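*Asks:* This structure is in structure tokens; I'll ask about it shortly.
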Amino acid sequence: MAESPAYPVGLRLTARRTVVLGGGQVAQRRLPALIAAGADILLVSPTATPSVEAMADAGEITWERRRYEHGDLKDAWYALIATSDPDANTAASAEGEAHRVWCVRSDDADAATALTPATGRSAGVTVAVLTTDIHDRDPRRTAAIRDALVEGLSDGTLVARQHRTRTPGVALVGGGPGDPDLITVRGRRLLAEADVVIADRLGPRDLLDELPSHVEVIDAAKIPYGRFMAQEAINNALIEHAKQGKSVVRLKGGDPFVFGRGMEEAQALAEAGISCTVVPGISSSISVPGAAGIPVTHRGVAHEFTVVSGHVAPDDERSLVDWPSLAKLRGTLVILMGVDKIGRIAETLVAHGRAPETPVALIQEGTTAAQRRVDATLSTVAAEVAAHEVKPPAVIVVGDVVNVGPDSPA
């Protein structure tokens, strides 16, 4: 009788006896999924890898340090046969057949009663891939198909929208410094599943072009403010759309909580009784200098870095930054939103002890195709900004690390 393709099925192994024969690399790879499935696992093996032994020490599995014996598969629901002894594998497989226990064999898939698919997980979905060609089983191909599906589901390029009723709410998503590839996997997936996206000017704009046509995209800068302040109007827009039962993404540049006013939005949503998910993003304070070849810390050069907002000048009564204390620090100073105030910031730092020749780098439109870098010192930075017409958004780095990287002017 011709052999037929395997029938795919999902096993519920919670609290059910599962036997693993062999404690080598195969067991090390397969045990975590069995543990996650809640199986009651008995490992039978004279030895085990350090990782498998750690699972036993943690109480995740029961380990009997011996070879396979007839009767080990009694009352088992599922067995993984992976010893280095072919005779023991054959005997265990025969026992499984006699007791109607589904068995996977690492040494001879054709002699097994069950096959392990190439599996992966993303967004609450398990992807399992089995070959249908029984004469040409290619584990590398099934693994590659698995990886492509999981990656597509994870980064949002493979969109499978949920058709059951979803819980409305808002996700505050940090989009990273500008390059669309630098958004987190979770952020990109939530963006692909959104009904409404309220986007900042500094968010990764290229991602908006990938959204399905039914998604409503709202430019936060163009929300009619009326009698409201800009932030209050944005809060109201988030609440209004969420109350309509929609899945809303607030797409912000960098990280929502690094000078992004994300907590104000989270607080407004909480007061309105709307669920809120925060998805951290890569902050431009670290990523943009890195993209320009500047490490914010470096052994023997800087053991600290400080990130401050420069949106108000040092002599402005609204400033919460202790500029005199910052001038006394020896580490790296990263200034966001400070291009138009950098002259007064530099003067203040020098006046309180920072050397006038301290290197400064300004990185405009960091991580995007328009990125450019302008180098100066504290004594020359105001003139260089004017001469090179540096415009926001730009990240300013002050400190000796400016001259460390491969792109440094030194």
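*Asks:* Measure off 7 Å from each Cα along the Cα-to-Cβ vector at residue 301 and residue 25, then give the distance between these two points in nanometres to one decimal.
*Replies:* Inter-label distance under the simple model: 4.0 nm.
*Asks:* Points 7 angstrom from Cα along the Cβ direction at residue 143 and residue 225: gap in nanometres?
*Replies:* Using points 7 Å along Cα→Cβ, the separation is 5.6 nm.
*Asks:* With each label point set 7 Å from Cα along the Cα-Cβ vector, what nm distance links residue 320 and residue 7?
*Replies:* Here the answer is 6.4 nm between the modelled labels.
*Asks:* Based only on other Cβ atoms within 10 Å, what is the fewest-to-most ordering of 225, 68?
*Replies:* Ordered from fewest to most neighbouring Cβ atoms within 10 Å, 225, 68 come out as 225, 68.
*Asks:* What does the extension gain come out to for residue 328 and residue 261, with contour length at 0.36 nm per residue minus their alpha carbon separation?
*Replies:* Working: separation 67, 0.36 × 67 = 24.12 nm, distance 2.87 nm.
Once the chain is fully extended between residue 328 and residue 261, it gains 21.2 nm.
*Asks:* A further question follows. Return the label of the correct value of mean projected area of the Cα convex hull in nm², as calculated from the structure shown, out of (1) 22.2; (2) 20.9; (3) 28.1.
*Replies:* Calculated mean projected area of the Cα convex hull in nm²: the matching label is (3).
*Asks:* Another question about this same structure. Taking the DSSP beta bridges in region 285-403 as the whole, what percent of them are antiparallel, to the nearest 5?
*Replies:* On the way: 16 of 21 bridges.
Beta bridges within region 285-403, antiparallel portion: roughly 75 percent.
*Asks:* Further, regarding this structure: Go through region 199-264 and name the trypsin sites (Lys or Arg not before Pro) that are in a DSSP coil and have 13 or fewer other Cβ atoms within 10 Å of their Cβ. Display every interim value, and only then the final one.
*Replies:* On the way: sites: 201, 205, 222, 227, 243, 246, 250, 252, 261; in loops: 201, 227, 246, 261.
Of the trypsin sites (Lys or Arg not before Pro), the ones in loops of region 199-264 whose Cβ has at most 13 other Cβ atoms within 10 Å are 201, 227.
*Asks:* Tell me, what is the FRET efficiency for residue 87 and residue 181 to the nearest 0.05, using R0 = 45 angstrom and their Cβ-Cβ distance as r? Walk me through the intermediate numbers first.
*Replies:* Working: r = 52 Å, r/R0 = 1.16.
Efficiency computed from Cβ-Cβ geometry: 0.30.
*Asks:* Using 0.36 nm per residue, how much length does the chain from residue 40 to residue 232 gain when fully extended, once their Cα-Cα distance is taken away? Walk me through the intermediate numbers first.
*Replies:* Numbers: separation 192, 0.36 × 192 = 69.12 nm, distance 5.34 nm.
Working it through step by step, the gained length comes to 63.8 nm.
*Asks:* Filter the GluC sites (Glu not before Pro) in region 280-354 down to the DSSP loop ones having no more than 12 other Cβ atoms within 10 Å, then list what survives. Don't jump to the answer; show the numbers that get you there.
*Replies:* Details: sites: 304, 317, 347; in loops: 304, 317.
Hits after loop and neighbour filter: 304, 317.
*Asks:* Rounding to the nearest 10 and keeping the result within 0 to 90°, find how far the Cα-based axis of helix 25-36 lies from the longest principal axis of the chain.
*Replies:* 80 degrees
*Asks:* Right, next: Among residues other than residue 261 whose Cβ falls under 14 Å from its Cβ, what is the net charge (Lys/Arg +1, Asp/Glu -1)?
*Replies:* Details: positive: 201, 250, 252; negative: 200, 232, 255, 264, 265.
With Lys, Arg at +1 and Asp, Glu at -1, the neighbours total -2.
*Asks:* Residue farthest toward the positive end of the dipole of the chain, with Cβ of Lys/Arg at +1 and Asp/Glu at -1: which of 103, 169, 249?
*Replies:* The residue sitting most towards the positive pole is 169.
*Asks:* Same structure again: What net charge do the residues around residue 13 carry, taking every other residue with its C-beta under 15 Å from that of residue 13, with Lys and Arg at +1 and Asp and Glu at -1?
*Replies:* Details: positive: 12, 16, 17, 30; negative: 40, 60, 75.
With Lys, Arg at +1 and Asp, Glu at -1, the net is +1.
*Asks:* First check a/c for region 169-279, with a ≥ b ≥ c the square roots of the eigenvalues of its C-alpha gyration tensor; if it is under 1.5, answer rounded, and if not, answer prolate when a/b is larger than b/c or oblate otherwise.
*Replies:* Details: a/c = 1.41, a/b = 1.31, b/c = 1.08.
Rounded, since a/c falls under 1.5.
*Asks:* In addition: Could you size up the charge dipole of the chain around its Cα centre, putting +1 on the beta carbon of Lys and Arg and -1 on that of Asp and Glu, and report it in debye to the nearest 20? All intermediate terms of the calculation are to be shown ahead of the outcome.
*Replies:* Numbers: 41 positive and 52 negative charges, 135 e Å.
Its charge dipole is roughly 640 debye.
*Asks:* With every atom except the alpha carbons ignored, what do you get for Rg and Dmax of region 1-101, in angstroms?
*Replies:* Cα only, region 1-101: 13.6, 47 Å (Rg, Dmax).
*Asks:* Let me ask you something else. Going toward the positive end of the dipole of the chain, with +1 on Lys and Arg Cβ and -1 on Asp and Glu Cβ, which of 89, 52, 14 do you reach last?
*Replies:* 14
*Asks:* Please find the FRET efficiency linking residue 388 to residue 244, where r is the Cβ-Cβ separation and R0 is fixed at 30 Å, and quote it to the nearest 0.05. Intermediate values should be presented prior to the final figure.
*Replies:* Working: r = 47 Å, r/R0 = 1.55.
Efficiency at R0 = 30 Å is approximately 0.05.
*Asks:* Counting only DSSP beta bridges with both residues in the chain, tell me the antiparallel percent, nearest 5.
*Replies:* Values: 22 of 61 bridges.
Around 35 percent antiparallel, to the nearest 5.
Every number here is computed from the coordinates shown, using simple stated rules; none is lab data. Note that the structure is a prediction, hence the values are computed from the model and not measured. Don't worry about glycine lacking a Cβ; one is built from the backbone with ideal geometry, like all the others, and counts go over all protein chains shown.
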